[in-house]
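Structure first, then comments.
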Amino acid sequence: FSADDLRNYYHAFPGTIDRAISTPVGYAYPAAAFVGWNCYRSDVDSSELMYICWSGLGMGDHNACDWAEEAHINILLDGGALQAKHWTIYLRCLPYNDDGYVEGVMIDDRIGVQVYPRRRPAEATADVEAFAKSDIAYAKSGLEVHAKKAKRQEDTGRFWGAEVEGRVGLIGGRDTRFQL
């Protein structure tokens, strides 16, 4: 399998002033506490209470996961890095295709599972091509993959709560793995 985890993904979303006003974080503070900050305004009474507001995509926002995942999918689709015939959706059956490859997105995580014969082929397979395209799509969008979490053509590991034992041909939860 191959996997990517986008670094600081929620922080990558720009926000508007109107959106920020609707997302206060924490407690109110006197305006004087913000002296020296870019947001500080000298025309505001220093004792007036103010809130810190989040202008990006806040993780506590009820829509954040849906918007973040949809944006991630669209970035990959636009870059040709995600194809409908390979697309797996969480809690649905794996799609069948002649490439032996399935891929999916869950918020800021991207995975690809390539089934190989006992010996890996020398030529590039669907997983190699897809992740090369996703690297380009991420760079074009200004997104960064968390290097320590990136995996390429791993035989064993864990993603989305599933454990993969590729050489044996098992995938599933710790106690419920099934034969591929």
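The values are calculated or read from the model by the stated rules, or taken from the named source; none is laboratory data. What you see is a predicted model, and the numbers here were worked out from it, not measured in a lab. In this analysis, Cβ positions are derived from the backbone assuming ideal geometry, glycine residues included, and neighbour counts consider all displayed protein chains. These accessible areas exclude ligands, DNA and RNA; they are computed on the full protein's heavy atoms, side chains included. Shrake-Rupley method; radii C 1.70, N 1.55, O 1.52, S 1.80 Å.
One residue stands out among those in the range 1-20 that are among the hydroxyl-bearing types (Ser, Thr, Tyr) and part of a loop (DSSP other than H, G, I, E, B): the one that is farthest from residue 113 (Cα to Cα), which is 16. Annotation note: Cβ proximity below 8 Å between a residue of the range 13-33 that is over 9 Å from residue 50 (Cα atoms) and a residue that is in a helix (DSSP H, G or I) and open to solvent by less than 60 Å² (accessible area, probe 1.4 Å) (sequence gap 6+ or interchain) occurs for 13/68; 13/71. Cβ separations smaller than 7 Å between residues 6+ apart or across chains give the following pairs from the range 141-160 residues that are farther than 17 Å from residue 126 by Cα to residues that are aromatic (Phe, Trp, Tyr) and open to solvent by 90 Å² or more (accessible area, probe 1.4 Å): 160/90. The single residue among 80, 58 that is surrounded by 15 or more Cβ atoms within 10 Å (Cβ to Cβ), in contact (Cβ under 8 Å) with a residue 40 or more places away in the chain and not in a helix (DSSP H, G or I) turns out to be 58. Scanning the range 11-27 for residues that are surrounded by 11 or more Cβ atoms within 10 Å (Cβ to Cβ) and over 15 Å from residue 64 (Cβ atoms) yields a count of 2. Does the range 113-140 hold any residues that are open to solvent by less than 60 Å² (accessible area, probe 1.4 Å) and either of a type in the set (S, T, N, Q) or modelled with pLDDT of 90 or more (or both), and which are they? Those that are open to solvent by less than 60 Å² (accessible area, probe 1.4 Å) and either of a type in the set (S, T, N, Q) or modelled with pLDDT of 90 or more (or both): 114, 125, 130, 131, 132, 134, 137, 138.
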